[in-house]
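Working notes, beginning with the structure itself.
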4 protein chains.
Amino acid sequence: MTRVAFLGPDGTFTSQAAVRAAPDGDLVPKATISDVIAAVRDGDVPLGVVPMENSIEGSVNVTLDDLAFGPAGAYIRAEITIPIAMNLLAKTGSALEDITTVRSQPHALAQCRRWLSDHLPTAELQAATSTAEAAREAAAGDGSVAALGPAVAAERFGLEVRAADVHDHDGNTTRFVVLSASMAARTGADKTSIVVFFGEDRPGLLLRILDEFALRGINLTKIESRPTKQALGEYCIFIDCAGHVTDARVAEALRSVHRHAADVRILGSYARADGVVDGPGPADSDAAYAEAADWYARLTGDVSNRI
Amino acid sequence: MTRVAFLGPDGTFTSQAAVRAAPDGDLVPKATISDVIAAVRDGDVPLGVVPMENSIEGSVNVTLDDLAFGPAGAYIRAEITIPIAMNLLAKTGSALEDITTVRSQPHALAQCRRWLSDHLPTAELQAATSTAEAAREAAAGDGSVAALGPAVAAERFGLEVRAADVHDHDGNTTRFVVLSASMAARTGADKTSIVVFFGEDRPGLLLRILDEFALRGINLTKIESRPTKQALGEYCIFIDCAGHVTDARVAEALRSVHRHAADVRILGSYARADGVVDGPGPADSDAAYAEAADWYARLTGDVSNRI
Amino acid sequence: MTRVAFLGPDGTFTSQAAVRAAPDGDLVPKATISDVIAAVRDGDVPLGVVPMENSIEGSVNVTLDDLAFGPAGAYIRAEITIPIAMNLLAKTGSALEDITTVRSQPHALAQCRRWLSDHLPTAELQAATSTAEAAREAAAGDGSVAALGPAVAAERFGLEVRAADVHDHDGNTTRFVVLSASMAARTGADKTSIVVFFGEDRPGLLLRILDEFALRGINLTKIESRPTKQALGEYCIFIDCAGHVTDARVAEALRSVHRHAADVRILGSYARADGVVDGPGPADSDAAYAEAADWYARLTGDVSNRI
Amino acid sequence: MTRVAFLGPDGTFTSQAAVRAAPDGDLVPKATISDVIAAVRDGDVPLGVVPMENSIEGSVNVTLDDLAFGPAGAYIRAEITIPIAMNLLAKTGSALEDITTVRSQPHALAQCRRWLSDHLPTAELQAATSTAEAAREAAAGDGSVAALGPAVAAERFGLEVRAADVHDHDGNTTRFVVLSASMAARTGADKTSIVVFFGEDRPGLLLRILDEFALRGINLTKIESRPTKQALGEYCIFIDCAGHVTDARVAEALRSVHRHAADVRILGSYARADGVVDGPGPADSDAAYAEAADWYARLTGDVSNRI
C-alpha cells in the first residue's frame, strides 16, 4: 500500500486531497509542510501532498519557499484542486447565540470575514494551527467555542454543522500538489512549474524570461514573485507554463532562461488538473524542432568551427 | 496635531512606523488594516499607516487586497522601511527552560522557526493576532508563556528581553506605507504603485504590460500577481515602477496599460525610501516628449482627420 | 485644368499613371524624377507623379532618396499601381531575325532578361534613359534596333509590337505616387509612409521601432533600409504602415519613434491603392485613446508635477 | 594558380577587388554577375567576385537576387570593400569645354550628378554597361566623349584623368563578396548573411525574426527587404548578423527562424572586413550554451517523453 505523507492532522481539506491522490494509500500525517516535503526528499515515503495555492488567499508561502529554497529532490508530479466549503462547526445542542469564540486556521478565518461580521459580530476570533485543531478544541470546549472547517471535521470530532457554506466568496478552491522523488512522464496535457532566481538587479530579466516563453508559443498559467529571504526587493519568480519539460520548445526555453538567470529550479512537470491540451502551433511542435535541426545539420555538417 | 491611524495596538513595529510617519502626530490605533484604510478614505484621519510587505514573508495580503478591491480613495503617499528585530519577551525572573509556550503573530513565529526549534524545540507555538497582544498575554501569564516581538513591547508591557535578535534571517525589514486621500507631488526620486486587472484569459497581456514600461525606459521595482478572489487562475498584478505618475513616460505607459487591461488602479506615487533617482534617458525625458509633441503638431496641424 | 508634372517623356508607364492621377489634367513632362519633386515643392504644379517601386526590380532609388534627403515639402497624397506589360517594339516590316540591338531603360531590360536570352541571344542590349526614348531611337533607326516598352509607345512613335508580353515574370506592377505640397485627409483605409534616420550605431533601434508599431496594433506593409549616402553601413529605414497620421495610435507611434531616432520624416498619409481597411482593434482605436486620456486626467488633474 | 571569376571587363573597380581576393590568381572575366555566380556553383572556378552593395546606391539587386533565388551552392566566404573614386577620363589633349557627352555605368553617372551639373551642365549623359566600356568608347571617340571611371581604366585604355575625384559624396565605397562552393570556417570576427522568405502575409514575422537575434545578443549589421519577384508587396529579407553559423547562439537563432519562416537560405559566414570582434556576452557564449545543455540533460535524463 502506497504511503502518502500529508500535512496533518486528519479531518482537513489536505487530508481530502491526500485521499484523492492515492485512494487506497496509507495516509501518514505530518506536523508541517516542510516535514511532508522532507519525507519525500529523503525517500521515507513515495508520495507527499501539500497545499500550494488558494484561490482567495493566494499562494502558500511555506510550500513555495521549501520547494524553492530547500534541498532539491522533491518534484511535483500531479495537482489536485479541492473546493473549499467552510462550515461553522459547534457542539451538539449549542445555539448560534451561545457562540462567543470562533477558532480556525487564519486563512479560514479570513475567508469568512464578512459572514462572521454579519452573524457573529461580537465573537472573538482566535487563530488555530489548522481547521482540524480548531474543531478538536471546539469539541473539548463548553459550547461557546465554534470552529470553521470542512464538513468532514464535524464527523471526525463529533460536532454539528451549525451553519454551512459560510465562506464569503463562492468559487473558493485550493490547489494541492502531489510530490515524489522523480518527474512524471509526458501526458500531452501537461504543465511545468519552475522557479527562477534573479541574482543582481536585472531590470530587463523578467521581460526577457516572459519573451523566451512567448516567442516559443508557450503560455504561462501563473507567474508570481517572492522575496528570496535576503533583503527587501530581491525576488525570485515562480512560473507555471503549458507543456512538459521534455517538449522541445519547453526544453529550449528552460535552457535559455538558465543561461540568463542566476539559477533555475524545475519544480516538476505534471498533468494539468483542468485537462486542457494547450499544444504548440505547427512552428513550435517537436516535429518542427526536429526538422530545423536536420536542416541546420545538413547545411553546416562540414563547416569547422575551430578558430 | 496630525491624526495618524495605524494598525494597533501600540507596541508593535507598525506603531514604530507611525511615529516615523508623523513624529508629532496623534496616533490613533485601529483594530484591522481595513479599518485604517477606511478611516483615510472616509476622511476621518489625514494619514494612515499599514504594513505592505516583509522581506521574508512577502506581501501583506490584506493590505494589497483592500487597496486593490476596496473602494477607491486612499493613495500611498510615502513608504517607510523598518528593520524587524525579533526578541523573546518573558516575565521578569523566568528562565528559558521555564518557557513551554511561545505566542506571537504567525509571521513572527515563522520568522523565528529555526531559533525556536534549536532553543525551544518542545515549546508549543500559539498564534496571536499581533506581537503586542502576544506580549500582553505573556505579561498576564505565569511565566511559562513567552512572546516574540519588538523590544518596545517589552517596555510597554513590563516584560524582559530574554533573548534578543532571535529571527532566523538577518536583513529582515518590513515596508510600511503611509496613506492619504490625495496623491503626493513629484520629488524627482519617486515610485508609482499600480494594480492591473486581467479580464479574461489574456496570455500575452503581462508581456505587453512589461513591454509598455520597458520601451519607455521605466524600471520596475516590484511585480506580484494576486488572485482576484474569483476563481483559481484569475489574477491581478501589482507593479511598482520608477517615476512619478506625472512624468510623461509614466503617464503614457499608464494610459497604454489602461487601454489594454480590464482595469488599472493607481495606488499612488511617492518618494522612494531608498532615495534613488532612477531618471529617464534623454529620449524618455519630459523634454523629449514635449519636443516630439511639438514636432508632430507642427507637421500635422493642418491635416483634417475627418473621414 | 490641374497641372500634373510627371517623369517624361510621354509614352511611358509613368505617363499612364499621370493620366490616372488626373484624367483631365494638363500633363507637364519633366526630365528627371528630382525635377518633378522640385516642381511640387516649389509650388509650380499642384500635383506630381513619380515611380516609387517595381514589384520585380524593387524601389526606385532616386525617388526614395529625393523624398528622404531633399528639401521637405512634397507629400505623397495617393498611390497608383500600373501593371507593367513589356513589348518588343520594332519598325514596320522588320522581322525578329533582323534585330541586332535592343534598347530600353535598364530596369526594362532586366525584366526581360530571360526572353531576350531565349529569343535574341546575340542581340546587343543598350541602356536608354526611358522606354519612350528607346522607342524614339528604334523609330529613328534602320530596323535592326528594337525597343522594349509599353504598347502605348508603339502608337506614339509609329512602331509595331513585334512580340507582346515579353517580360519574364507575370504580375509585374509598378507603384507610382502622387505628390502634393500638403498631406491628404483621412479616408479610413489609409497608409502612412515615413523614413527614419539612424544617427550613430544603434543595434536595438530597428527592433524598438518595429515594437512601437506592433505594440499599438499597427501593421507594416513595407520596410526597407537604404544607405544615407555617408558611409557603408549607415542606414535609414523606409516604413509604410497601416493607418493615417492623425489616427491616435499612429500619432503616438510616430512621436515615440521621433524621440528615439536621429530624425523622422513623414512622407505622407494617403488612401491605399488596395482599399484594405486595416483598422485598429478595440484597445487601439481613437475612442480607446480618448477614454484612457480622460481616465488619466480625471485621476491626476490635481497632482502637481513641480519638483 | 587559383582561377577567380569576376564581373568583367578588366579595368573596373570589380577587377580591383578580384586582385585583392587572390593577388596571384588567374582572373577570369565574365559578362554578367549571374555568369560569375554560376561558374562558382558549377565548379568551373574555385572563387568568384561580384559587387554586393554600394554605400550610395545601395545593394546590387542582381547579386542579391541571384544568390537568393538562383540554385543554391555558392557561399560568400569573404567580403572586400573598395573606395570608389570617380574620375572624368578623356582623350589626351581634349579640354573640359570640348566634352559634350559623358558615358558611364548608370550608378557611376548617378554618383557624379552634382559635379556634372556644375561643370558640364549641357553634356549629354549616356548609359554604358560598365565604367570600362565607357572608357573604351571614350578612347574610340573624337575627344568630345568622356567617361566616368576608376583611374585604372585611364591607364588601361590610354586616356587621361581630366578631373579627379568628381564623385558627389566622399566616403563612397563598394562592398564586394568572394564566393566559393563551401562555407568558410570560423575566425572569431565573423559575419553571417542569410535571406529569409515570408510565405503568406505575416505582419509579426519580421519583428519575431529581429527578436530571435536580439534575445540571443546577436547584433544585425544589415537588414534589407526585397520583392520576391512575385507580386508587389511580397518580400524577402536579407540579414547580415554578427557571428559565425557554427556559434551556438547563431545556430539556435537560425533554426528558430527556419521554424517560423517560409524558408531560410544561408548565404555564408565569413570574416568581417572591418575585423570587429562582436562577440557574445557571458550568457550567450558557446560555453553558456554547453553548460545549459548539461544542466538540462542532468535533470531530465531519466524522464520519458512518451505519451
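Per-residue surface analysis assigns residue D:107 an accessible area of about 60 Å², computed on protein heavy atoms at 1.4 Å probe radius.
Against the criterion of solvent-accessible heavy-atom surface with a 1.4 angstrom probe, B:155, B:224 sort, most first, into B:155, B:224. Per residue of chain C, the DSSP helices (runs of n ≥ 4 H) give a summed -39500 (n - 2.57) that works out to -9000 deg cm²/dmol at 222 nm. Excluding residue C:10 itself, what net charge comes from residues whose Cβ is under 14 Å from its Cβ, given Lys and Arg +1 and Asp and Glu -1? Overall, the nearby charge balance is 0.
If every alpha-carbon in segment D:189-307 counts as one equal scatterer, what log10 I(q)/I(0) does Debye give at q = 0.13, 0.14 1/Å? Cα-only, vacuum Debye calculation for segment D:189-307: -0.59, -0.66. Put the Cα centre of segment C:171-197 next to the Cα centre of segment C:20-61 and the gap is 13 Å. For the peptide D:281-292, the mean number of other protein chain Cβ atoms found within 10 angstrom of a residue's Cβ is 3. Other residues whose C-beta falls under 13 angstrom from the C-beta of residue B:96 contribute a net charge of -2, scoring Lys and Arg +1 and Asp and Glu -1. DSSP bridge analysis restricted to segment B:1-135 gives an antiparallel fraction near 15%, rounded to the nearest 5. Cα centroid separation, segment A:69-139 to segment C:102-123: 88 Å.
In straight Cα distance, which aspartates and glutamates are under 12 Å from residue A:91, not counting same-chain residues fewer than 8 positions off? Within the straight-line cut-off, residue A:91 pairs with A:137, A:142, A:155, A:160.
Legend: translational diffusion of chain A by Stokes-Einstein, Rh = Kirkwood radius over C-alpha pairs, 4 °C, 1.567 mPa s; D = 60 µm²/s.
Expressed to the nearest 5 percent, the antiparallel share of DSSP beta bridges inside segment A:87-163 is 45 percent. Peptide B:152-164 has a mean of 0 when you count, residue by residue, the C-beta atoms of other protein chains within 10 Å of its C-beta.
Mean per-residue shielding of peptide D:205-213 is 4, counting Cβ atoms of other chains within 10 Å of each Cβ. Looking at chain B, the DSSP beta bridges with both ends there are about 75 percent antiparallel. Rg over Rh for the protein assembly as shown works out to 1.08, both radii taken from alpha-carbon positions and Rh defined as the Kirkwood radius. Listed by chain and number, the lysines whose C-alpha is less than 22 Å from the C-alpha of residue B:222, apart from same-chain residues fewer than 8 away, are A:222, A:229, B:191.
Once you list every other residue whose beta carbon is under 13 Å from the beta carbon of residue A:157, what net charge do they have if Lys and Arg are +1 and Asp and Glu are -1? Cβ neighbours under 13 Å give a net charge of -1. P(r) tail, segment A:93-239: Cα-Cα pairs separated by more than 26 Å, 51% of all pairs.
The distance between label points at residue B:182 and residue D:142 comes to 9.2 nm (points 7 Å beyond Cα on the Cα→Cβ vector). Computing FRET efficiency as 1/(1 + (r/R0)^6) for residue B:169 and residue B:2, where r is the C-beta to C-beta distance and R0 is 35 Å, gives about 0.50.
For segment A:87-163, just list the percent of Cα-Cα distances falling in each 10 Å bin from zero outward, please. Bins of 10 Å from zero give 24, 61, 15 percent of pairs.
For the listed peptides B:16-22, C:174-180, a ranking on the average number of other beta carbons within 10 Å per residue, highest first, reads C:174-180, B:16-22. Mean-square fluctuations from a GNM of chain C, with a 10 angstrom spring cutoff on Cα atoms, peak among C:12, C:101, C:81 at C:101.
The values are calculated or read from the model by the stated rules, or taken from the named source; none is laboratory data. Bear in mind the structure is a predicted one, so any value in this text is a computation, not a measurement. Cβ: placed from backbone, ideal geometry, glycine included. Neighbour counts: every protein chain shown. The protein model used for the area step is the full one, side chains on, heavy atoms only, and it has no ligands, DNA or RNA in it. Shrake-Rupley method; radii C 1.70, N 1.55, O 1.52, S 1.80 Å.
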